[in-house]
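Peer 1: Quick one: the structure is below, and I'll ask about it shortly.
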Amino acid sequence: MQSRPRRPNVPSRPEGSNVNVTSAVGMEDTVGRQRAKRNSLFTQTVLWISGLICSAFLLGTFAQACSNSLLVQQVQTAQQSLQQVRAKHAQLKQAVDYYNDSSVIESEARQQLGYVRPGEQAVVIVNTGDGGQQHASGQNNRPQQQGYWQDWWHILFED
């Protein structure tokens with residue numbers, strides 16, 4: 001350890017001087033006072049840097065929270081659309097199963113396309129010009145004595 005030459009112990013203020021009087025020009029601060037100023041400056045610098053780092057972390061946390069909130073909303077929207085697509089898929093799958101049945105295919109072909117099986121005859125009913133209007137008194141206009149087949153014809157097609 002090196003020994004420094006000791007300065008003579010000279011008070012910074014002469015005895016009996018007023019506390020409010022500043023030290024005279026040329027008189028230096030004591031070593032303790034200089035060390036206290038250096039420590040104070042270091043402490044303030046460390047506090048400011050720590051505050052800035054904490055502020056940066058706080059802002060980063062808020063930014064991450066906002067980003068997470070947006071991502072959660074996007075996930076919820078995607079889940080809702082997925083549920084809708086799954087429901088539509090299930091509906092289409094039921095339609096496929098329904099239309100794969102041979103009796104349904106035959107029924108649709110007969111009703112919509114007018115197909116008939118070999119040996120069958122298609123019957124086409126032509127409207128007689130009523131314009132599609134039904135008369136309430138149409139039953140009263142029928143003659144009382146009709147044939148058996150005419151009764152069936154009226155029962156099946158004119159009511």
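The values are calculated or read from the model by the stated rules, or taken from the named source; none is laboratory data. The structure presented is a predicted model; accordingly, all values stated were derived computationally and were not measured. Cβ: placed from backbone, ideal geometry, glycine included. Neighbour counts: every protein chain shown. Accessible surface is based on the protein model in full, side chains and every heavy atom, while ligands, DNA and RNA are left aside. Shrake-Rupley method; radii C 1.70, N 1.55, O 1.52, S 1.80 Å.
Peer 1: Quick check: anything in the stretch 83-98 of a type in the set (Ser, Thr, Tyr), within 30 Å of Arg117 (Cα to Cα), at pLDDT below 95 and out of contact with any Leu (no Cβ under 7 Å at 6 or more places or on another chain)?
Peer 2: Checked against the condition, which is being of a type in the set (Ser, Thr, Tyr), within 30 Å of Arg117 (Cα to Cα), at pLDDT below 95 and out of contact with any Leu (no Cβ under 7 Å at 6 or more places or on another chain), the stretch 83-98 yields at least one hit.
Peer 1: Go through the stretch 60-112 and give me each residue that's open to solvent by 100 Å² or more (accessible area, probe 1.4 Å), within 30 Å of Val123 (Cα to Cα) and part of a helix (DSSP H, G or I).
Peer 2: Tyr98, Tyr99, Gln111, Gln112
Peer 1: What do you reckon, is Arg6 modelled with pLDDT of 70 or more and open to solvent by 70 Å² or more (accessible area, probe 1.4 Å)?
Peer 2: Judged against the criteria, Arg6 is not a match.
Peer 1: A further question follows. Would you check if there is a residue in the stretch 118-125 being surrounded by 10 or more Cβ atoms within 10 Å (Cβ to Cβ), modelled with pLDDT under 95 and over 22 Å from the mean Cα position of the chain (by Cα)?
Peer 2: Taking every residue of the stretch 118-125 in turn, none turns out to be surrounded by 10 or more Cβ atoms within 10 Å (Cβ to Cβ), modelled with pLDDT under 95 and over 22 Å from the mean Cα position of the chain (by Cα).
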